[in-house]
Amino acid sequence: MPPVDRVAWAQQRLLLLLAIATACGGNATGPAEFGLRSARELWQQAAILDYSVTVERRCVCDGANRPVVVQVSGGAVVSTTDAQTGDPIDISALGPYPSVEGMFEILQDAVDTDAHDIIATYQIDLGYPLELQIDFDRSTKDDELGYVTSVFERR
């Protein structure tokens with residue numbers, strides 16, 4: 001097997017392990033916390049403070065399930081625009097479209113509050129969340145929340 005194929009295979013295996021590690025909810029010492037901590041360390045080591053990422057929110061909520069470009073400068077969200085039209089979006093009307101660090105905070109909150117189910121996958125090199133799904137309470141209907149990221153660009 002050529003070296004490039006072994007690297008790709010190793011990266012895919014690590015991504016799968018991170019996905020499996022976070023597929024179970026649990027307390028702060030469980031698999032969800034381990035995967036989150038590992039991914040967050042990768043992100044912090046990359047030290048990326050200026051970037052844009054397309055985020056699609058997945059929930060049972062009005063008008064919020066569309067791709068939004070989140071522009072981050074100096075680690076803070078500076079703008080949000082509709083990914084399809086480029087029009088500015090007022091997120092106060094739609095709900096949160098977080099930065100990468102914001103997604104980590106959402107995941108950490110889910111771990112800390114012992115959410116019923118936490119599923120997350122992370123980008124292999126930088127650690128940012130590619131997809132997260134959280135069911136906060138097994139007995140509550142439509143409390144699930146998720147995000148899918150795409151089109152990540154360093155600035």
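Annotations for the structure displayed:
- If only residues of the range 96-155 that are in a helix (DSSP H, G or I), within 9 Å of the chain's Cα centre (by Cα) and aliphatic (A, V, I, L, M) are counted, the one that is nearest to Gly75 (Cα to Cα) is Val100.
- Among residues that are at pLDDT below 95 and part of a loop (DSSP other than H, G, I, E, B), Thr29 is included.
- Boolean, Gln133 is farther than 28 Å from Glu33 by Cβ and at pLDDT 90 or above: no
- Looking only at the range 65-123, and only at residues there that are among the hydroxyl-bearing types (Ser, Thr, Tyr) and more than 19 Å from Gln44 (Cα to Cα), the one that is modelled with the lowest pLDDT: Ser92
- Identity of the residue in the range 33-64, within 24 Å of Asp82 (Cβ to Cβ) and of a type in the set (Lys, Arg), that ends up modelled with the lowest pLDDT: Arg58
- Counted residues, the range 110-143 - those being out of contact with any strand residue (DSSP E or B) (no Cβ under 9 Å at 6 or more places or on another chain) and surrounded by fewer than 16 Cβ atoms within 10 Å (Cβ to Cβ): 8
- Scan of the range 136-155 for residues that are of a type in the set (A, V, I, L, M) and at pLDDT 90 or above, ordered by number: Val148, Val151
The values are calculated or read from the model by the stated rules, or taken from the named source; none is laboratory data. Just so we're clear, the structure is a prediction, and the values are computed from it rather than from any experiment. Because the Cβ atoms are built from the backbone with ideal geometry, glycine has one as well, and the counts that use them run over all protein chains shown.
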